[in-house]
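For reference, the structure is listed below as structure tokens.
The values are calculated or read from the model by the stated rules, or taken from the named source; none is laboratory data. Fair warning: this is a prediction, and the values are worked out from it, not measured in the lab. A quick note on method: Cβ atoms are made from the backbone with ideal geometry, for glycine too, and the neighbour counts reach across all protein chains shown.
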Amino acid sequence: MPISFSTAVPRIWPPFLGDFMGMGEIWEKYGLIIAFGMMMLMMIAYSIEPLKVGVGQAIDTVFAPLVIGFHIPFFILIVILSAITGLYSSIIQKYTIDYERMTEVQERMKEFQKEYREAQLSQDEKRIKKLDAKKDRVMREQLEISQQQFKPMAYILVLTVPIFFWLLYRLSQIDATITLPYSGLHNLNDPVLWVIPAWIIWYMICSLTLSQVIRKALNIGGI
């Protein structure tokens, strides 16, 4: 009995592909607004104590063994978490930001600014008018790149804010200290820089340092 293979494409794919492309177009058009909206929602969530504690307790079911079972010092745990956040932040930026185009646009902007300044200094009105016509396109490209850099923040915040909620939840129950550079010994909850507590300062130091190492290892361009 001969066996035949059908080459027909299942009818389910065109609608699905259309929906996917439609979502991509929506993100391209409204991505910056969505990112701002998510940031605002995260800020509102931070001010709602029951929500903040609830998220912290939920995350605690995952991270509590690291504190209770393995007895990892909390300042080391912050190093681990900052490395994790640095890793996924770098990966998200790698796949949402076109660093090659960003570099090209920045170079074109530098060249344009240099050329425009030279035209102004030489009072070359004809050249200035020609550059004025080009300015809108250059500025539009610069704005697109700025928006592209901002959009990954929506994804990063969704992953990072729950971790911060857990740190706040756990730190309210423990008494841990840390020695900060140029500052000495502090309780992790002590305000060190204005109202910023020691644990956030330590988190920022670790995150900035480890992120640079991760970005270098993954060959991710800088912003």
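With respect to the conditions (1) within 22 Å of His71 (Cα to Cα); (2) out of contact with any strand residue (DSSP E or B) (no Cβ under 6 Å at 6 or more places or on another chain), Ala198 falls short on a single one, namely (2). Take Leu185 and decide whether it is over 25 Å from Pro65 (Cα atoms) and part of a strand (DSSP E or B). Criteria met by Leu185.
Only one of the listed residues (Gln123, Gln173) is free of Cβ contacts under 8 Å to residues at least 12 places away in the same chain, within 23 Å of Ala58 (Cβ to Cβ) and more than 21 Å from the chain's Cα centre (by Cα). That residue is Gln173.
Among residues of region 95-110 that are touching a residue at least 40 places away in the same chain (Cβ under 8 Å) and closer than 8 Å to Gln148 by Cβ, those with a beta-carbon under 8 Å from a residue that is surrounded by 16 or more Cβ atoms within 10 Å (Cβ to Cβ) and of a type in the set (S, T, N, Q) at least six positions away or on a different chain give the pairs Thr96/Gln148; Ile97/Gln148; Asp98/Gln148; Met102/Gln148.
Counting just the residues of region 176-223 that are farther than 24 Å from Phe63 by Cβ and hydroxyl-bearing (Ser, Thr, Tyr), which one comes out surrounded by the fewest Cβ atoms within 10 Å (Cβ to Cβ)? So the residue we want is Tyr182.
Looking across region 51-77, the residues that are closer than 20 Å to Asn187 by Cα, modelled with pLDDT of 85 or more and assigned to a helix (DSSP H, G or I) come down to Phe74, Phe75, Ile76, Leu77.
Comparison of Glu107, Glu118, Glu141 shows that the only residue that is buried (at least 17 other Cβ atoms within 10 Å of the Cβ) and part of a helix (DSSP H, G or I) is Glu141.
Within region 152-172, is there a residue that is part of a loop (DSSP other than H, G, I, E, B) and at pLDDT 80 or above? Checked against the condition, which is being part of a loop (DSSP other than H, G, I, E, B) and at pLDDT 80 or above, region 152-172 yields at least one hit. From the set of residues in region 176-223 that are within 20 Å of the chain's Cα centre (by Cα) and of a type in the set (Val, Ile, Thr), which is modelled with the lowest pLDDT? Among them, the one singled out is Ile223.
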